[in-house]
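Only one structure is covered here, and it is reproduced in the block below.
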Amino acid sequence: MSTQLLPVTDGPAVYIIHDNPEWIAPFAQALDRSGIPFVEWLLPEVSIDLTTEPPQGLFWSRLSASAHTRTDPHVKDYGRAVLAWLQTAGRTVINGADVYELEVSKIRQNRELAIRDFDTPRTSAVFGSAALSTAARDFVPPFITKHNQGGKGLGVRLFESHSELDEAASDFATGGANEPIDGITLVQEYVQPAQPFVTRAEFVGGRFHYAVRVDVSDGSFELCPAEACAIPSASAAPVDPFSVREDITARTPLIGRLETLLAELHIDIAGIEFIETADGRQVVYDINTNTNYNPSVEEGERTAGRTSAADRIAEYLAAEVAAMSASHT
């Protein structure tokens, strides 16, 4: 496959930097409805001319932590190069270079949450596979493992005993089925929800949009809400695990704290997941900065006369483009 220069267009536009076409359709449709021109920069198989300046426009990074599972193991580095090019040219990037580093490292996410006194799962980071069993001995079963560079629930496994992990050790070694792309595996406290669901709070422009209840009664850790992530069900009429939590609002104390977190980290668009336990803990465990939205939830919002998350993003991007255009006149 031949490479080509990243495409550009004349006039104000939104440039969407991404690595998965299957996740773009809802945003493309929302931008079309808003009349905002946009250009997709799909990685890899493209190049940039470093002797030129990037085009004028608003750039939105939707680079994901799971890109290596679909195309090329080096997509993370390609994304870093593009974002560095934009940053040094002074371009405005929604969820820019520093945010991308957070997206591809659950260690960074854990530390940013913990230093702000959010309740997070007890976690150890294991470099390589040899020390995994030893590190896990500090955790009372059940516990989980996950990839540091995750997304889509990559590498998340529940272990009921240390011996069960010992038997699976080869899966984490070089070439093993569960080998993390960056060589870092997290061992983490298993947090039992009071009810069989977790919550994903969505934010646009740094402000709360809605919260989604995600049913986990089947024991799944695959929580990606996008239609492209749907796992085939044996049931003739599967129950959609995603629904809006009306009881979570912008006035919920945890939501206010999360908005402050996003402001401090310069994160514009995100989905943040948390668990509520029987003993009253609210445990925050994941920050998704290339967040996707469940189509049935989105349609329900539109049917109820509310703005869907995709349309809210289009409104936010349109306002940013308008502000940039005004500043240049």
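The values are calculated or read from the model by the stated rules, or taken from the named source; none is laboratory data. As the structure is a computational prediction, the values presented were derived from the model and not from experiment. All Cβ positions, even for glycine, are placed from backbone atoms using ideal geometry, and neighbour counts span all protein chains on display. Areas reflect the complete protein model, heavy atoms only, side chains present, ligands, DNA and RNA absent. Shrake-Rupley method; radii C 1.70, N 1.55, O 1.52, S 1.80 Å.
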- Message: Please report the antiparallel percentage of the DSSP beta bridges confined to the chain, to the nearest 5.
- Response: 70
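Given a 1.4 Å probe, how much area per residue of the chain is accessible, in Å²?
Working: 15250 Å² over 329 residues.
So the chain comes to 46 Å² accessible per residue, rounded to a whole number.
Using only the Cα atoms of region 31-122, build the gyration tensor, take square roots of its eigenvalues as a ≥ b ≥ c, and label the shape rounded, prolate or oblate: rounded if a/c is under 1.5, else prolate if a/b is larger than b/c, else oblate. Spell out each step's value before the answer.
Numbers: a/c = 1.85, a/b = 1.61, b/c = 1.15.
Prolate, since a/c reaches 1.5 and a/b exceeds b/c.
Hey, if we sort Glu160, Glu40 by accessible area with the 1.4 Å probe, largest down, what's the order?
Values: Glu160 110, Glu40 75 Å².
The ordering from most to least exposed comes out as Glu160, Glu40.
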- What accessible area, in Å² to the nearest ten, does a 1.4 Å probe give for His266? 140
- Item | Per-residue SASA entry for Phe208, accessible area with 1.4 Å probe, Å² rounded to 10 | 40
- For the pair Leu158 and Ala304, what calculated FRET efficiency results from E = 1/(1 + (r/R0)^6), where r is the Cβ-Cβ distance and R0 = 22 Å, to the nearest 0.05? 0.05
- In the chain, helical segments from DSSP H whose Cα atoms cover 15 Å or more along their own axis and that average at least -1.0 on the Kyte-Doolittle scale are 75-88, 253-265, 309-327
- Just tell me which lysines come within less than 17 Å, Cα to Cα, of Lys76; anything on the same chain fewer than 8 places away is out. Lys106, Lys152
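Roughly how many percent of the accessible protein surface of region 75-213 is carbon and sulfur, given a 1.4 Å probe and a whole-percent answer? Before the final figure, lay out the partial values.
Numbers: 2840 of 5890 Å².
Carbon plus sulfur share of accessible area: 48 percent.
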- Message: Leaving ligands and nucleic acids out of the surface, order Ser34, Ser105 by accessible area at 1.4 Å, largest first.
- Response: Ser34, Ser105
- Message: What does the net charge come to around Tyr285 if you take all other residues with beta carbon closer than 10 Å to its beta carbon, with K and R at +1 and D and E at -1?
- Response: -2
- Message: At a threshold of 8 angstrom on Cα-Cα distance, excluding pairs fewer than six apart, so keeping six or more, what relative contact order does the chain reach in percent?
- Response: 18
- With Cβ to Cβ distances under 12 Å as the rule, what net charge do the other residues near Asp138 carry (K, R +1; D, E -1)? +1
- Item | Ordering of 298-309, 137-148 by burial proxy (mean other Cβ atoms within 10 Å per residue, highest first) | 137-148, 298-309
- Nearest-10 value in Å² for the accessible area of Asp240, using the 1.4 Å probe: 70
- What's the local net charge at Leu102, with K and R +1, D and E -1, over the other residues with C-beta under 12 Å away? -3
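Take the alpha carbon gyration tensor of region 127-203, find the square roots of its eigenvalues, order them as a ≥ b ≥ c, and report rounded if a/c is under 1.5; if not, report prolate when a/b exceeds b/c, else oblate. Intermediate values should be presented prior to the final figure.
Numbers: a/c = 2.30, a/b = 1.33, b/c = 1.72.
Oblate, because a/c is 1.5 or more while a/b does not exceed b/c.
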- Normalise the Debye intensity by I(0) for the chain, one equal point scatterer per Cα, no solvent, then take log10 at q = 0.08, 0.15 Å⁻¹ and round to two decimals. -0.39, -1.35
- Query: How many nm is it between the label spots at Ala194 and Gln4, if each spot is 7 Å from the Cα in line with the beta carbon?
  - Reply: 5.4
- Item | C-alpha center-to-center spacing [region 28-44, region 122-174] in angstrom | 39
